[in-house]
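Note sheet for the following structure.
The values are calculated or read from the model by the stated rules, or taken from the named source; none is laboratory data. Model, not experiment: these values are computed from the prediction. Counting neighbours? That spans all protein chains shown, and the Cβs are built from the backbone with ideal geometry, glycine included. Heavy atoms of the whole protein, side chains included, go into the accessibility calculation; ligands, DNA and RNA do not. Shrake-Rupley method; radii C 1.70, N 1.55, O 1.52, S 1.80 Å.
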Amino acid sequence: QVEKETYINTSEAVALLGSSRQIFYSNVKGRLHAYHFDGKKANWWKEQDVLAVKNGKLVRKGSIGISGLLENWSAFLATLGYEVQTVDRSIEVTTLPEDAIATFRLQSGQQFVKRSRMTLADGQVICTWDTYYPYPFVSDILDEMKQGTAHGIVDHMKDVHGIVIGKAKDKYAARITSPDEQNLFQLPTDEAILMLQRVSYTRDRKTLVMYQDMALLGNWFAPEHEYDVKIWGE
């Protein structure tokens with residue numbers, strides 16, 4: 001004979017008390033057992049979205065197309081009425097990551113200045129990226145980079161060192177966000193993000209000008225390319 005168990009759900013009472021802990025009682029053989037379940041209360045809506053509608057912000061109709069080497073998505077978002085901010089996260093002298101060396105068959109051991117940045121739209125982080133510049137081309141402005149006063153780094157390499165970007169190669173992938181990224185991007189779950197790796201060379205491909213590793217929110221960015229088709233002739 002199986003003893004019948006009875007359960008009392010006290011979630012409504014707990015809600016009234018303003019607690020996030022729910023308690024379930026199980027009555028087995030005349031004994032009352034308490035089970036505690038900790039849970040995070042979360043609204044199904046985002047406060048920033050509600051405020052955006054309230055303040056008359058334009059609704060984003062689609063993703064931002066990543067169509068070129070130096071596309072300025074910050075300026076594009078600003079034209080849509082978003083408050084956009086790009087900030088530096090860190091500056092350090094290091095070497096290229098192993099993943100970049102393996103993916104693009106790059107030489108190892110060379111020193112680079114790694115600049116980590118992120119862009120926020122209305123206070124939400126929508127992308128982060130690391131840019132690696134060859135140390136000899138930016139060593140003269142390293143102090144300015146650390147102070148956040150260095151702008152137009154690609155133009156600096158062109159004007160001072162005669163290094164001009166002429167070729168680039170992109171690789172796209174998608175992966176699940178890490179716990180730290182979920183917190184940074186303010187994601188409710190481990191959503192997928194778009195990964196973009198990019199190498200830029202001089203036109204003769206003899207000099208690596210920079211390497212970039214980007215993490216982009218998939219609902220904000222999308223690959224978009226326009227190109228000539230010559231398979232079927234003119």
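Key figures
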read-out	value
Of 177, 163, 189, farthest towards positive along the dipole that unit charges on Lys, Arg, Asp, Glu beta carbons give region 162-234	163
When each of 169/230; 146/206; 158/206; 114/167; 146/171; 167/230 is checked by Cα-Cα distance, pairs over 24 Å	146/206; 146/171
Solvent-accessible ranking of 83, 226, 191, largest area first, probe 1.4 Å	226, 83, 191
Distance-filtered residues of region 107-132 - backbone nitrogen under 14 Å, label point 7 angstrom along residue 167 Cα→Cβ	107
Per-bin percent of Cα-Cα distances, region 155-234 [5 Å]	3, 12, 16, 15, 13, 14, 12, 10, 4, 2, 0
Accessible area in the full protein assembly, largest first, 1.4 Å probe, for 220, 73, 232	232, 73, 220
Other-chain or far-sequence residues with amide H under 5 Å of residue 163's (modelled H)	158
Accessible surface of residue 112 - all protein chains present, 1.4 Å probe, nearest 10 Å²	0
Residues residue 80 and residue 146, FRET efficiency given R0 of 25 Å [Cβ-Cβ distance, rounded to 0.05]	0.20
